[in-house]
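Encoded as structure tokens, the structure appears first; notes follow it.
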Amino acid sequence: MLNSVNCLKRQSRCKIDRCYIMDVRSALNQAARDLENAGIPSPRLDAEVLMAFCLGRERLELYKYPDLILDERHLVTFRSFVARRKKWEPVAYITGFKDFWSCRLEVNKSVLIPRPETEIIVEEALNLCRLSAGRKISILDVGTGSGAIAIAMAKELSHARVVATDISAAALAVAAHNARQAGLAGKIDFREGNLFEPVDGFFDIIISNPPYIAAEEYAQLPAGVRDFEPREALLAGPRGTEFYELLINQAIEYLPQAGWLLLEIGATQEAAVSGKLKAAGRYDEISHRADYAGYPRVIRARRKS
Ligand SMILES: C[S@@+](CC[C@H](N)C(=O)[O-])C[C@H]1O[C@@H](n2cnc3c(N)ncnc32)[C@H](O)[C@@H]1O
């Protein structure tokens with residue numbers, strides 16, 4: 001009898017030692033330590049986001065219930081998420097979504113995870129649309145990926161004509177799904193192909209956040225980007241500016257007089273891209289806007305009359 005009681009005690013201690021029982025606070029502390037030891041840049045935040053996702057709660061709710069005991073299922077799931085993050089998989093690929101503008105977008109390894117800086121190009125495009133005072137406007141998003149820019153524009157401008165292209169059929173499937181989820185089924189015309197090949201006609205505003213990483217830089221990218229996000233969404237070529245050259249030269253055929261080209265750029269590319277716009281001789285009103293970290297992030301240029 002004594003033996004079996006001891007055995008039971010041993011079993012329950014064993015369960016506790018192997019941490020089948022743990023409260024939210026302890027699980028978070030342990031995960032944040034593990035992520036920090038793995039060199040992950042925002043260990044606590046990532047642990048909280050993964051825990052909140054695991055529990056189907058808002059992140060701030062975790063602070064209300066730090067003593068909540070996690071059941072074994074949740075603990076095992078949470079630990080599997082943390083293990084993936086320790087290998088640098090981006091949080092958005094683990095949770096399967098990323099918030100952008102006013103939308104929750106599904107993301108997977110076929111699409112670049114939309115970055116907060118990209119909201120600046122949306123703001124700039126909307127500012128230009130406001131100048132057109134109620135006229136029905138047409139917008140083209142080249143290289144739409146998850147659909148982030150096109151979806152944000154279509155959400156804000158219910159009467160605009162929005163067309164979005166991508167060379168990746170898998171990315172377009174994600175974008176179309178995201179448009180449906182955002183209540184925009186049938187409102188965005190998604191087309192597969194190389195840059196402007198799948199479109200015709202004119203667009204008042206052409207927007208693009210193209211691949212802009214140079215080959216040498218690509219090797220230096222953080223592992224979470226280089227090893228997980230699609231190479232064809234990031235890598236432009238040896239110089240990094242190859243897509244800008246194509247976009248600047250080809251967009252002219254699709255812009256009406258005084259139509260706008262808006263390009264997202266890498267932090268060090270402003271001079272090179274402005275230079276290419278000037279050299280093309282077909283654009284005026286060339287200016288740029290910085291992101292919240294102070295880096296030039298968006299260049300806009302108007303087709304000369
Ligand atoms: C930097 S990602 C931008 C994605 C999205 N617009 C965003 O801002 O999150 C570039 C996108 O361009 C697409 N792309 C690459 N080469 C292309 C090409 N030749 N024609 C059209 N799209 C292309 C990639 O598949 C990828 O989705």
Only one of (1) open to solvent by less than 60 Å² (accessible area, probe 1.4 Å); (2) touching an Asp or Glu at 6+ places or on another chain (Cβ under 8 Å) is not met by Tyr218, so which one is it?
(2)
Among the candidates Arg59, Arg73, Arg44, Arg85, which residue alone is away from the ligand (no atom under 14 Å from the Cβ), in a helix (DSSP H, G or I) and exposed (fewer than 15 other Cβ atoms within 10 Å of the Cβ)?
Arg73
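Do we have any residue at all in segment 206-220 that's part of a helix (DSSP H, G or I) and among the hydrophobic types (A, V, I, L, M, F, W, C)?
From segment 206-220, those part of a helix (DSSP H, G or I) are 215-220; that's our starting set.
Next, only the ones that are among the hydrophobic types (A, V, I, L, M, F, W, C) stay: 215, 219.
The answer is yes; a qualifying residue exists.
Being more than 11 Å from the chain's Cα centre (by Cα) and open to solvent by less than 30 Å² (accessible area, probe 1.4 Å) is the filter here; which residues of segment 97-108 pass it?
Here is the first cut: in segment 97-108, the ones more than 11 Å from the chain's Cα centre (by Cα) are 102-103.
Hit for segment 97-108 is Cys103, nothing else.
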Which ones in segment 96-134 are among the aromatic types (Phe, Trp, Tyr) and away from the ligand (no atom under 12 Å from the Cβ)?
Phe97
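A quick yes/no check of all residues on (1) closer than 20 Å to Pro211 by Cα; (2) open to solvent by 20 Å² or more (accessible area, probe 1.4 Å):
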{"residue": "Gln250", "(1), (2)": "yes, yes"}
{"residue": "Leu261", "(1), (2)": "yes, no"}
{"residue": "Val273", "(1), (2)": "yes, no"}
{"residue": "Lys276", "(1), (2)": "yes, yes"}
{"residue": "Tyr283", "(1), (2)": "no, no"}
Every residue from segment 199-212 that is near the ligand (Cβ under 9 Å from one of its atoms) and open to solvent by less than 30 Å² (accessible area, probe 1.4 Å):
Ile207, Ser208, Pro210, Pro211
Pull out all pairs, ordered by first then second residue, where Cβ-Cβ is under 6 Å, the residues are six or more apart or on different chains, the first lies in segment 98-116 and is assigned by TED's automatic domain parsing to the domain that holds Asp166, and the second is among the basic types (Lys, Arg).
Leu105/Lys98; Val107/Lys98; Ile113/Lys98; Pro114/Lys98
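Would you pick out the residues in segment 140-161 that are outside any helix (DSSP H, G or I) and either surrounded by fewer than 16 Cβ atoms within 10 Å (Cβ to Cβ) or within 13 Å of the ligand (Cβ to nearest atom) (or both)? Lay out the reasoning, then the answer.
Looking only at segment 140-161, we keep the residues that are outside any helix (DSSP H, G or I), and these are 140-147, 157-161.
Within segment 140-161, Leu140, Asp141, Val142, Gly143, Thr144, Gly145, Ser146, Gly147, Ser158, His159 qualify.
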Tally up the residues in segment 78-113 that are in contact with a strand residue (DSSP E or B) (Cβ under 6 Å, 6 or more places away or on another chain) and either polar (S, T, N, Q) or closer than 14 Å to Gly224 by Cα (or both), please.
2
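Would it be correct to say that Asp17 is open to solvent by 90 Å² or more (accessible area, probe 1.4 Å) and either in contact with a strand residue (DSSP E or B) (Cβ under 7 Å, 6 or more places away or on another chain) or at pLDDT below 55 (or both)? Walk me through how you get there before you give the answer.
On the way: open to solvent by 90 Å² or more (accessible area, probe 1.4 Å): yes; either in contact with a strand residue (DSSP E or B) (Cβ under 7 Å, 6 or more places away or on another chain) or at pLDDT below 55 (or both): yes.
So Asp17 passes the test.
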Output for segment 93-136, where each listed residue is assigned to a loop (DSSP other than H, G, I, E, B) and either among the acidic types (Asp, Glu) or modelled with pLDDT of 95 or more (or both)
Gly96, Trp101, Val107, Asn108, Lys109, Ser110, Val111, Leu112, Ile113, Pro114, Arg115
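Is it the case that segment 282-292 has a residue that's aromatic (Phe, Trp, Tyr), in contact (Cβ under 8 Å) with a residue 40 or more places away in the chain and within 25 Å of Val199 (Cβ to Cβ)? Explain how you work it out, then say what you get.
Start the filter on segment 282-292 by keeping residues that are aromatic (Phe, Trp, Tyr), which leaves 283, 292.
Checking which are in contact (Cβ under 8 Å) with a residue 40 or more places away in the chain leaves us with 292.
Still in the list and also within 25 Å of Val199 (Cβ to Cβ): none.
Among the residues of segment 282-292, not one is aromatic (Phe, Trp, Tyr), in contact (Cβ under 8 Å) with a residue 40 or more places away in the chain and within 25 Å of Val199 (Cβ to Cβ), which makes the answer no.
The values are calculated or read from the model by the stated rules, or taken from the named source; none is laboratory data. Nothing here was measured: the structure is a model prediction, and the numbers come from that model. All Cβ positions, even for glycine, are placed from backbone atoms using ideal geometry, and neighbour counts span all protein chains on display. Keep in mind that these areas ignore ligands, DNA and RNA; they rest on the heavy atoms of the full protein, side chains included. Shrake-Rupley method; radii C 1.70, N 1.55, O 1.52, S 1.80 Å.
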